[in-house]
Amino acid sequence: MSSKVILDGETVTFEGPSPSTCGEVWTLLEDHLGQAGILIDRFLVDGVAWSPDSENNQVVYSIIEVFTVTFEQNVAHIVEALLKEGEELQEQWKLGASKSLSKPWSQFQPEAVRILNETQPLVQSIGLLAEYSKQNQKQWSNEISRLGEKINVVLSSLMDAIEAGDCVTFSDFAGSKLCATLAEVYKLLSIAVLPSLGELRADG
């Protein structure tokens, strides 16, 4: 039985011999779609989700179904995920600010490091958004870059406080400066970034 590749509901016709492995199909499509600013969202091999880094490096396939998103949709998904997690992250920092003064530092330090690590995806995403907004000349480009720098400066001070075991500085920066910066970030994401991507969800 001949194998088949379906891209967003349309059967793909390859020039020359059809690719024989999932990896070859992925590479060909990724290169082709990338030129148009489109990304692979889901890649199903015989109904099972597959990606190049999956352990199931299946060679043979009957049918591959590929679903795509535009780069803008992908950025919008990132922003929506950040907003969904925003409240909880801010709460963790507020809680950390008070716990750092009420608990012995040696007990609290691992928790401080954990909250710091959980903030990294936000920092990385802000970097990505800053880059994206520059390339696409978005109105919020300068503001997201400014906030990215601001959050990095505050987190750097928090790291220094953690290393020095300085619970007073940690509490001050976590409870006031960082929380205020996070509030600015989430406000910008919800009122400027997401609407500009044209991806506001009806269910908000």
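Only the coordinates and a few stated rules stand behind these numbers; no lab work does. Everything numeric here is computed off the predicted structure, so don't read it as measured data. Note that each Cβ is placed from the backbone with ideal geometry, even for glycine, and that neighbours are counted across all protein chains shown.
Determine ³J(HN,Hα), in whole Hz, for all residues of the stretch 155-171 in sequence, where each value follows from phi through the Karplus function 6.51 cos²θ - 1.76 cosθ + 1.60 and θ = phi - 60°; x replaces Gly and Pro.
Each residue's phi maps through the Karplus curve to give 5, 5, 5, 5, 4, 4, 5, 5, 5, 7, x, 8, 5, 5, 5, 4, 4 Hz.
Per DSSP helix of 4 or more residues, -39500 (n - 2.57); summed, then divided by the residues of the chain. What does that give at 222 nm, rounded to the nearest 500?
Working: 6 runs with 116 residues, N = 204.
Roughly -19500 deg cm²/dmol at 222 nm, from the helical runs in the chain.
What angle, in degrees between 0 and 90 and rounded to the nearest 10, separates the Cα long axis of helix 22-34 from the longest principal axis of the Cα atoms of the chain?
It works out to around 70 degrees.
Roughly what percent of Cα-Cα pairs across the stretch 12-127 reach past 19 Å? Please list the in-between numbers first.
Working: 4216 of 6670 pairs.
When every Cα pair of the stretch 12-127 is considered, 63 percent fall beyond 19 Å.
For the stretch 4-70, state the semi-axes of the equivalent ellipsoid (square roots of 5 times the eigenvalues of the alpha-carbon gyration tensor), sorted largest first and rounded to whole angstrom.
17, 14, 12
Once both labels are modelled 7 Å past Cα along the beta-carbon direction, what's the Asp41-Asn117 spacing in nm?
A separation of 3.2 nm, rounded to one decimal place.
Based on the mean of other Cβ atoms within 10 Å per residue, sort peptides 132-139, 95-102 so the most packed one is first. Numbers along the way, then the final one.
On the way: 132-139: 13.9, 95-102: 16.6.
With the highest mean Cβ count within 10 Å placed first, the list reads 95-102, 132-139.
Most mobile of Phe14, Phe67, Phe43 per a Gaussian network model of the chain (Cα springs, under 10 Å)?
Judging by the Gaussian network model, the answer is Phe14.
What list of whole percents do you get for P(r) of the chain, with Cα-Cα distances grouped in 10 Å bins up to the one holding the largest distance?
Reading the bins upward from 0: 8, 27, 22, 21, 15, 6, 1.
Pull out the extension gain between Phe71 and Asn152, defined as 0.36 nm times the separation in residues minus the alpha carbon to alpha carbon distance; nm, one decimal.
Details: separation 81, 0.36 × 81 = 29.16 nm, distance 2.56 nm.
In short, 26.6 nm is gained.
Treating the angle as unsigned and between 0 and 90°, give the value, to the nearest 10°, between the Cα long axis of helix 179-188 and the longest Cα principal axis of the chain.
40 degrees
From the phi angles alone, apply the Karplus equation (6.51, -1.76, 1.60; θ = phi - 60°) to the stretch 82-93 and give each ³J(HN,Hα) in whole Hz, x where the residue is Gly or Pro.
4, 5, 5, 8, x, 4, 5, 5, 5, 4, 4, 5
Could you work out how far apart the two model spin labels at Lys84 and Lys187 are, taking each label as a point 7 Å from the Cα in the direction of the beta carbon, and quote it in nm?
2.5 nm
Take the Cβ-Cβ distance between Ser51 and Thr13 as r, set R0 to 22 Å, and report the resulting FRET efficiency rounded to the nearest 0.05.
Working from the Cβ atoms, E equals 0.40.
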